[in-house]
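The values are calculated or read from the model by the stated rules, or taken from the named source; none is laboratory data. Note that the structure is a prediction, hence the values are computed from the model and not measured. Cβ atoms come from the backbone with ideal geometry, glycine included; neighbour counts cover every protein chain shown. For accessibility, only protein heavy atoms count, side chains too; no ligands or nucleic acids. Shrake-Rupley method; radii C 1.70, N 1.55, O 1.52, S 1.80 Å.
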Amino acid sequence: QVQLAESGGGLVQTGGSLRLSCVASGTGRGISAMGWYRLAPGKQREFVALITSGDLRRYSDTVKGRFTISRDTDKNTVYLQMNSLEPGDTAVYYCYHDASSTWGQGTQVTVSS
C-alpha cells in the first residue's frame, strides 16, 4: 500500500514561487507515473502536471511555462516548482501515484493579489 505526503504549500504574493514536494512511502511505491492535480473552491479537480516513469512530462495549458515537475527517484519524491504564481493558482494541490491510484491529503496554495 502506497502513502503520499505532500508539503510546501503556503501563502505567497502574485509573481512569487513555491515548491511542492510529494514523498511516496510503503510497498508498491516504486517507479510510477505521478502527477499533480488541484481543486479550487467551486471548481472541478484540474490536472496540473504529470511525470511518467520514463521522465516524460506533461502540463496543463494554464501552467505550462510557469510550473516544472521533477522527481528524485532515490528519495521517492516528486516536486512541483511553481513560478510566476497568480491568484488563479489558488487551490488545494494533490499528488497522485498512478500505479496504485493513490492520492495524497493535499496542500493548500494561496496566491494573494
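For the reader, a short list of remarks on this structure follows.
- The set of residues from region 47-73 being open to solvent by 60 Å² or more (accessible area, probe 1.4 Å) and not in a loop (DSSP other than H, G, I, E, B) comprises 57, 58, 68, 73.
- Within region 1-36, tally of residues that are open to solvent by 60 Å² or more (accessible area, probe 1.4 Å), in a strand (DSSP E or B) and under 16 Å from residue 100 (Cα atoms): 2
- Answer residue from region 69-80, given it is without any contact (Cβ under 8 Å) to a residue 40 or more places away in the chain and touching a Phe, Trp or Tyr at 6+ places or on another chain (Cβ under 8 Å) and is nearest to residue 49 (Cα to Cα) among those: 69
- Sub-7 Å Cβ pairs linking a first residue in region 10-29 that is among the hydrophobic types (A, V, I, L, M, F, W, C) to a second residue that is in a loop (DSSP other than H, G, I, E, B) and open to solvent by 20 Å² or more (accessible area, probe 1.4 Å), at least 6 apart or interchain, are 18/8; 18/9; 20/8; 20/9; 23/76; 24/76, ordered by first then second residue.
- Scanning region 50-76 for residues that are within 15 Å of residue 4 (Cβ to Cβ) and not basic (Lys, Arg) yields a total of 5.
- Boolean, residue 42 is part of a loop (DSSP other than H, G, I, E, B), loosely packed, with under 14 Cβ neighbours inside 10 Å, in contact with a Phe, Trp or Tyr (Cβ under 9 Å, 6 or more places away or on another chain) and free of Cβ contacts under 8 Å to residues at least 60 places away in the same chain: no
- For region 83-96, a residue qualifies if it is open to solvent by less than 40 Å² (accessible area, probe 1.4 Å) and farther than 13 Å from residue 37 by Cα, and exactly one does: 85.
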